[in-house]
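For reference, the structure discussed in these notes is given below.
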Amino acid sequence: MLAHLYAILIVPFAENPFMRRALAGALALSVASPPLGILLTLRRMSLFGDALSHAVLPGVAVGFLLCGLSLPAMSIGGLVAGMLVVALAGWISRRTQLREDASLAATYLVALALGVMLISAQGTQVDLLHILFGNVLAVDQDGLLLIAGIATLILVLLATLYRGLLLETFDPLFLAACGGRGWLYQQAFLLMVVLNLVAAFQTLGTLMAVGLMMIPAVAARLWSERLGVQFMVGVALAVLASVAGLLLSYHFDLSSGPAIIVSAGAVYGASVLVAPGGWLRQLMQRPHLRG
Amino acid sequence: MSATVGGGVDAMAGTMISLHDLTVSYRRHPAVHHLSGSFARGSLTALVGPNGAGKSTLLKSLLGLVPIEHGSVLLGVERQHIAYLPQRSEIDRSFPLSVLDCVLLGHWQRNGLHAGISAEARQAAVQALATVGLGGFEGRALGTLSGGQFQRVLFARILLQDAQLILLDEPFAAVDEPTIDALMALILRWQAEGRTTIAVLHDFDLVRGRFPQTLLLARKLLAWGATAEVLTPENMRRMRATVAAWDEHAPVCNTEGED
């Protein structure tokens, strides 16, 4: 029995270096992504990450056109494009009557179209698929360092700016009335989201990168009413989904990125059913208290 | 009407806020129109007027939250000594934050991003909660509070801010009588402590009973001074007459300030 479990759970990682690198990369992403996702849901910007992941694409494409399938070039390109879109959308929402989500919607769609146009003008369909859907099993040493470095940077930034980020999300008017520069926290936060997407695009692809950020985050919100606990639950669920997804992809020869996201989906489904904020708890009517 | 102060900070000795020909517009339509006057230091003023009269806009312009199109606002107090209670509709109460944490945000102006919360600061927050009648609520999630209880939490946060100038935007909207009494007692205590308070209100009986000063605003200034002299039948009639006056094709305003 134990030997059987060992063969299923441990052997794939023990005997294959590429699986170990994939695991390390996925775990680094699992630690950094869910807190960002939870903050996004709290800002009622759950779909924002999706939009931003599209915004990163033209930069990745430019990097690809200039240097081929080079990770640093595509990462820097993605980062620059993401920041440009965030800054432009932020500027439009501050200087015009458009709200942030509206100005971002307009900006990212144009960015996405530009990206697809650039890639399809030069590359092949295979390249496009690789960029859109990623390949976690092809993570090399450099890619791993990039992911781990960005994840570390995000955690340090989150810890440093935590109180301000929280206040800017919870009660931006209070912060503004105190003379605080709310847009600074907002831009720093969006920078973190872009960084996270850039780190994740190689493993999961730009389209799936959002999944590891949002799905565990949304599930975590069902488990607790305390933000700190939500962060921890989110990370735990993301780790679970990453390990399960990699094992699934190994044993059943599935595409790794989607396998991780589908695993996250299963974790989310279970949370919807059994978490304290989920369906079963609503179904079980417990007797009310005296006061 | 109070005297208009147009000079520098020197002229601000007994004055907390001085407005000079203040105009704030949305899409070229003035929300606050050529408003001049001053709030005395330590005064307690009710800001009344119909919906859309520019009351919230006036408070926001004092804080620099909306761009001032014309004229000036002079504040006799530094930014970190101002407390502001926004209209409740602008805060998300489902945020996963405990009541105590929310109150502790009142230390933001002194503690900023990194300073730790001392035992005294925490004690002050617990004390503030007890003062607003929410002793024992420290660990509750904000989402479990009623509207009135949440309003008390926000007052507790203001207590912690220890501000010299307190701006309250409709503090009693959808709040029951006992809560109004409790919060009103706090406002009167602030006045006794020499703090300056401006509150947007719709309950004229409350204003007549408790607020010494009243500013009656209907985009332009209707009356400003002692409450009994402001809330006269004549002024109330003028206020109602201006309520529905919205001119989509209003001509450009050429007035070069009217004091």
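Details
- Only one of the numbered conditions (1) assigned to a helix (DSSP H, G or I); (2) touching a residue at least 24 places away in the same chain (Cβ under 8 Å); (3) more than 7 Å from every other protein chain (Cβ to nearest Cβ) is violated by B:ALA83, and that is (1).
- Filter pass, B:HIS107 being over 30 Å from B:HIS33 (Cβ atoms), surrounded by 16 or more Cβ atoms within 10 Å (Cβ to Cβ) and at pLDDT below 90: yes
- Qualifying residue in the range B:206-214 (condition: surrounded by fewer than 23 Cβ atoms within 10 Å (Cβ to Cβ) and of a type in the set (D, E, K, R)): yes
- Residue match in the range A:146-159 (condition: of a type in the set (Val, Ile, Thr) and within 14 Å of chain B (Cβ to nearest Cβ)): yes
- Every residue from the range A:225-258 that is of a type in the set (Gly, Ala, Ser) and surrounded by 23 or more Cβ atoms within 10 Å (Cβ to Cβ): A:GLY234, A:ALA238, A:ALA241, A:SER242, A:GLY245, A:SER249, A:SER256, A:GLY257
- Qualifying residue in the range A:6-25 (condition: touching a Lys or Arg at 6+ places or on another chain (Cβ under 8 Å) and within 30 Å of A:LEU190 (Cβ to Cβ)): no
- Screening A:PHE231, A:PHE201 for residues that are of a type in the set (Phe, Trp, Tyr) and at pLDDT 95 or above leaves exactly one candidate, A:PHE231.
Matching residues to (1) at pLDDT below 85; (2) within 14 Å of chain A (Cβ to nearest Cβ):
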site: B:PRO50; (1), (2): no, no
site: B:ALA53; (1), (2): no, no
site: B:ARG93; (1), (2): yes, yes
site: B:CYS102; (1), (2): no, yes
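- Candidate set from the range A:223-281 (those that are hydroxyl-bearing (Ser, Thr, Tyr) and not in a helix (DSSP H, G or I)); member that is nearest to the other protein chains (Cβ to nearest Cβ): A:SER224
- Selection within the range B:104-118 - more than 10 Å from every other protein chain (Cβ to nearest Cβ) and more than 22 Å from A:ARG226 (Cα to Cα): B:ARG110
- Test: residue in the range A:244-253 that is closer than 28 Å to A:ILE119 by Cβ and either of a type in the set (D, E, K, R) or at pLDDT below 90 (or both): yes
- Selected residue (criterion: farthest from the other protein chains (Cβ to nearest Cβ)) from residues of the range A:169-203 that are among the small types (Gly, Ala, Ser) and either within 22 Å of B:LEU63 (Cβ to Cβ) or assigned to a loop (DSSP other than H, G, I, E, B) (or both): A:GLY182
- Enumeration of residues in the range A:94-107 that are of a type in the set (Gly, Ala, Ser), free of Cβ contacts under 8 Å to residues at least 40 places away in the same chain and surrounded by fewer than 18 Cβ atoms within 10 Å (Cβ to Cβ): A:ALA102, A:ALA106
- B:VAL77, sole failed condition from (1) closer than 24 Å to A:ALA176 by Cβ; (2) at pLDDT 90 or above; (3) not in a helix (DSSP H, G or I): (2)
- Extreme residue, nearest to the chain's Cα centre (by Cα), among residues of the range A:209-224 that are buried (at least 24 other Cβ atoms within 10 Å of the Cβ) and of a type in the set (Val, Ile, Thr): A:VAL210
- Checklist (1) away from chain A (no Cβ under 11 Å); (2) under 25 Å from B:ARG110 (Cβ atoms); (3) over 16 Å from the mean Cα position of the chain (by Cα) applied to B:ILE68, failing item: (2)
- Members of the range A:52-103 found to be under 18 Å from A:LEU114 (Cα atoms) and not in a helix (DSSP H, G or I), listed by number: A:GLY68
- For B:GLY139, the requirement of being more than 23 Å from the chain's Cα centre (by Cα), part of a helix (DSSP H, G or I), farther than 27 Å from A:VAL156 by Cα and facing another protein chain (nearest Cβ under 10 Å) is not met.
- Within the range A:175-193, residues that are in contact (Cβ under 8 Å) with a residue 40 or more places away in the chain sit with their Cβ atoms under 9 Å from residues that are acidic (Asp, Glu) and crowded, with 17+ Cβ neighbours inside 10 Å, at 6+ positions apart or across chains, in these pairs: A:TRP183/A:GLU168; A:GLN186/A:GLU100; A:GLN186/A:GLU168; A:PHE189/A:GLU168.
- Conditions (1) touching a Leu at 6+ places or on another chain (Cβ under 7 Å); (2) modelled with pLDDT of 95 or more: number failed by A:LEU240: (1)
The values are calculated or read from the model by the stated rules, or taken from the named source; none is laboratory data. Nothing here was measured: the structure is a model prediction, and the numbers come from that model. Glycine also receives a Cβ, built like all others from the backbone with ideal geometry; neighbour counts cover every protein chain displayed.
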